[in-house]
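Before any comments, here is the structure.
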Amino acid sequence: MATTTTTSATAESPKRSQSSAARRLNRPDSRGRSRGGQRFVLVGLVLASAYSLFPVYWLIIAATKDRTGLYQSNGLWFSGWHLWENLHQVFTYEDGIFLRWTANSFLYAGVGSLGGTLIALATGYGLARFDFPGRGVVFAAVVGSFLIPIALLTLPLYLLFSEIGLVDTPWAMLIPCLINPFSVYLAKVYTEATIPFELLEAARIDGAGELRIFFSIVLRMMTTGGATVFLLAFVNTWNAFFLPLTVLRGQENWTLNLGLYNWSGKRAESGIDLTSLVLTGALLSIVPMAIMMVAMRRYWRTGVTMGALK
Amino acid sequence: MIRSLRWKGAAFTVPFQLGFVFLYLLPIGYAVYQSLYHSQSSGLGLGGTTDEFSGLDNYRQGLTDPKFMGSVLRVVVFACVQIPVMLLVSLVLALFLDALTAQAASRFRIMLLVPYMIPGVVAAVVWINLYSPDVGPLTPLGDLLGFDWNFFSPSMVWPSIGNLLTWHGIGYNMVIIYSALQGVPRELFEAARLDGATEWRVALSIKIPFVRGALVLTGMLSIIQMLQIFNEPALFRNITPQTVDDSFTPIMIIYNQAFNAGNYHYAAALSVLLALILGVASFLFYRLTSKETD
């Protein structure tokens with residue numbers, strides 16, 4: 001292992017021009033390998049993709065079936081088209097509680113993430129472009145909080161919220177969303193990459209106030225970064241389970257996840273069969289995620305990887 | 001920097017700092033404080049309860065509680081199996097993608113990322129139904145192949161959850177490793193190939209050492225997640241409460257102590273203990289993996 005690394009390192013400099021020329025001329029071939037190797041790679045990736053997609057495929061099929069079809073037909077293919085009936089059932093069951101949960105999820109994820117993103121952008125900008133005493137402490141707190149288990153925060157938060165009467169209100173979900181250390185971390189990284197000091201200097205010389213600089217210059221230049229921060233926060237809140245389970249009691253305030261969890265449990269306990277309800281509901285709750293992810297593919301991929309390269 | 005400007009900059013971080021105090025520091029402090037007390041019912045239990053200072057008693061109880069320590073051990077053993085498998089698959093897929101043209105790679109990458117788009121609870125719901133002997137296709141498939149498998153039996157429940165977590169996590173980890181791989185100067189591979197190194201050799205001796213940092217990071221994130229696993233077992237518990245009991249994972253115990261047993265002080269002590277375990281585990285993992293690079 002060591003020998004290969006050293007030979008390649010020494011070989012690198014004299015051959016650099018030659019190798020990059022070779023790469024420019026016939027890139028596919030220089031990246032590729034023997035035909036057999038290429039086939040092996042393709043087969044591996046096709047199998048992995050099948051593994052990734054199969055459950056979603058099955059879920060789509062299952063959502064189109066009625067109860068008999070679900071239990072008796074082949075799970076891999078359609079059997080009758082009952083998607084509309086299933087959807088109707090999902091949206092009308094218990095006076096349309098599913099719609100309420102969907103609206104709640106959108107409210108918590110949308111409003112919470114919007115507020116959280118704004119706070120995170122301001123904080124990230126402050127941390128990245130100003131040198132104030134205590135800056136290191138704030139940043140250390142941000143990074144250190146990645147290690148705090150959710151239970152350690154959520155349980156006492158529940159007690160504090162119940163003291164001030166916020167438990168079982170939308171505020172119990174919205175307020176925690178406002179403070180997101182990971183968003184702050186991302187916002188700081190993005191600020192460092194997109195907002196040059198010189199620009200701020202120029203704006204100051206022109207007499208712009210700090211607030212004005214932030215709202216009319218920094219925020220505008222941070223659109224891409226801000227969109228990523230918002231998207232990741234939205235996905236996080238949409239996917240949250242432990243916090244809503246802890247702070248929300250009555251089902252009119254539940255999120256989609258809590259509702260599905262509850263339906264999934266009921267199926268086993270009481271006499272009613274909620275399986276097709278659960279499955280159709282599960283499919284529906286993926287749709288907004290899929291739309292967001294596809295629409296913002298460009299942004300979130302950089303977000304995912306940037307978050308990783310801390 | 002001018003003095004007044006410094007303070008204006010600090011002002012941008014004030015909303016976050018206030019929120020952080022209220023939503024992070026205060027709850028942690030409160031949990032630590034609560035963990036030092038225990039509820040004492042007065043008289044015959046008719047006069048309500050009073051909180052009494054009990055020092056580190058709750059911690060002592062937690063450290064000797066076979067259920068809690070058992071659940072920690074269970075999760076740790078599980079992590080030692082699932083995380084390496086998941087990361088190995090992610091690494092291999094990242095290397096595979098790296099061997100393709102950019103266009104083909106992006107097509108496969110999107111397909112492999114589909115599970116990551118699916119909320120954890122929904123992913124668990126879907127797999128639980130796939131595993132279900134009534135509606136899922138996996139049990140008939142087992143019959144066809146001559147296996148009589150039951151995905152919810154005590155010996156199968158961890159592999160079942162492990163498969164679910166692996167399915168959910170491969171794409172995300174693969175993307176992180178793949179983007180680290182893209183950061184390696186291509187000349188390095190070319191040079192090795194010109195020296196006659198096989199593709200296998202290039203992957204093993206150059207590519208993998210280069211993505212070590214990404215592997216350490218994904219490993220660390222996975223460990224943090226795993227020690228806090230809650231959603232998946234909670235949903236499995238809906239289906240098979242005998243196998244997945246209410247003390248299956250540390251957070252399930254904490255949740256039950258707080259909300260079902262009403263033993264909040266003990267739950268607070270356990271969550272502080274879990275935070276310490278998490279800190280120690282991350283520290284050890286980081287030390288062990290970064291030492292080798294020296």
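The values are calculated or read from the model by the stated rules, or taken from the named source; none is laboratory data. Please read these numbers as outputs of a predicted model, since none were measured by experiment. Ideal geometry is used to build each Cβ from the backbone, glycine not excepted, and the neighbour counts take in all protein chains shown. Ligands, DNA and RNA are stripped out before the accessible areas are found, and what is left, the full protein with its side chains, is counted by its heavy atoms. Shrake-Rupley method; radii C 1.70, N 1.55, O 1.52, S 1.80 Å.
Taken over the range B:61-80, the criterion of being of a type in the set (D, E, K, R) and farther than 18 Å from B:Tyr264 by Cα is satisfied by B:Arg74 alone. Filtering the range B:106-122 to residues that are at the interface with another protein chain (Cβ under 7 Å from one of its Cβ atoms) and of a type in the set (Val, Ile, Thr) leaves B:Val114, B:Ile118, B:Val121, B:Val122.
When the range B:137-164 is filtered for residues that are in a loop (DSSP other than H, G, I, E, B) and in contact (Cβ under 8 Å) with a residue 40 or more places away in the chain, the ones remaining, listed by number, are B:Phe152, B:Ser153, B:Pro154. Residues in the range A:221-270 that are away from every other protein chain (no Cβ under 13 Å) and among the polar types (S, T, N, Q) were compared, and the one that is nearest to A:Gln89 (Cα to Cα) is A:Gln251. Would you confirm whether or not the range B:132-155 contains a residue that is closer than 28 Å to A:Leu232 by Cβ, aliphatic (A, V, I, L, M) and either buried (at least 20 other Cβ atoms within 10 Å of the Cβ) or within 10 Å of chain A (Cβ to nearest Cβ) (or both)? No, there is no match, as no residue in the range B:132-155 is closer than 28 Å to A:Leu232 by Cβ, aliphatic (A, V, I, L, M) and either buried (at least 20 other Cβ atoms within 10 Å of the Cβ) or within 10 Å of chain A (Cβ to nearest Cβ) (or both). Give all pairs with beta carbons closer than 9 Å in which a residue from the range A:163-187 that is closer than 19 Å to A:Thr223 by Cα meets a residue that is of a type in the set (Lys, Arg) and open to solvent by 30 Å² or more (accessible area, probe 1.4 Å); count only pairs at least 6 apart in sequence or on separate chains. Listed by first residue and then by second, the contacts come to A:Tyr185/A:Lys310. One residue is enough: does the range A:86-102 have a residue meeting the conditions closer than 30 Å to B:Ile253 by Cβ and either at pLDDT 90 or above or away from chain B (no Cβ under 11 Å) (or both)? Yes: the range A:86-102 contains one or more residues that are closer than 30 Å to B:Ile253 by Cβ and either at pLDDT 90 or above or away from chain B (no Cβ under 11 Å) (or both).
Within the range B:190-215, the set of residues being more than 7 Å from every other protein chain (Cβ to nearest Cβ) and not in a helix (DSSP H, G or I) comprises B:Gly196, B:Thr198, B:Val211. Taking B:Leu63, is it open to solvent by 10 Å² or more (accessible area, probe 1.4 Å), over 23 Å from the mean Cα position of the chain (by Cα) and in contact (Cβ under 8 Å) with a residue 60 or more places away in the chain? The answer is no for B:Leu63. Restricting the range A:210-263 to residues that are within 13 Å of A:Ala109 (Cα to Cα) and assigned to a loop (DSSP other than H, G, I, E, B) leaves a set whose member that is farthest from the chain's Cα centre (by Cα) is A:Trp254. Quick one: A:Trp77 ticks every box in (1) farther than 22 Å from A:Leu245 by Cβ; (2) assigned to a helix (DSSP H, G or I); (3) touching a residue at least 12 places away in the same chain (Cβ under 8 Å) bar one, so which box is it? So the condition that A:Trp77 fails would be (2). For a quick check of your reading of the model, give me the residue pairs whose first member lies in the range B:18-41 and is within 7 Å of chain A (Cβ to nearest Cβ), whose second is open to solvent by 40 Å² or more (accessible area, probe 1.4 Å), with beta-carbon atoms closer than 6 Å and at least 6 apart or on different chains. Close Cβ pairs (under 6 Å, with a partner that is open to solvent by 40 Å² or more (accessible area, probe 1.4 Å)) amount to B:Gly19/A:Leu178.
Taken over the range A:131-177, the criterion of being open to solvent by 20 Å² or more (accessible area, probe 1.4 Å) and not in a helix (DSSP H, G or I) is satisfied by A:Asp131, A:Pro133, A:Gly134, A:Ile148, A:Ile164, A:Gly165, A:Leu166, A:Val167, A:Asp168, A:Thr169, A:Pro170.
For A:Ile213, the criteria (1) modelled with pLDDT under 90; (2) open to solvent by less than 10 Å² (accessible area, probe 1.4 Å) hold in every case but one, which is (1).
The set of residues in the range B:232-275 being open to solvent by 30 Å² or more (accessible area, probe 1.4 Å), within 23 Å of B:Gln82 (Cβ to Cβ) and in a helix (DSSP H, G or I) consists of B:Arg237, B:Ile239, B:Tyr255. Of the residues in the range B:189-202, at least one is on the phi > 0 side of the Ramachandran plot and free of Cβ contacts under 8 Å to residues at least 40 places away in the same chain.
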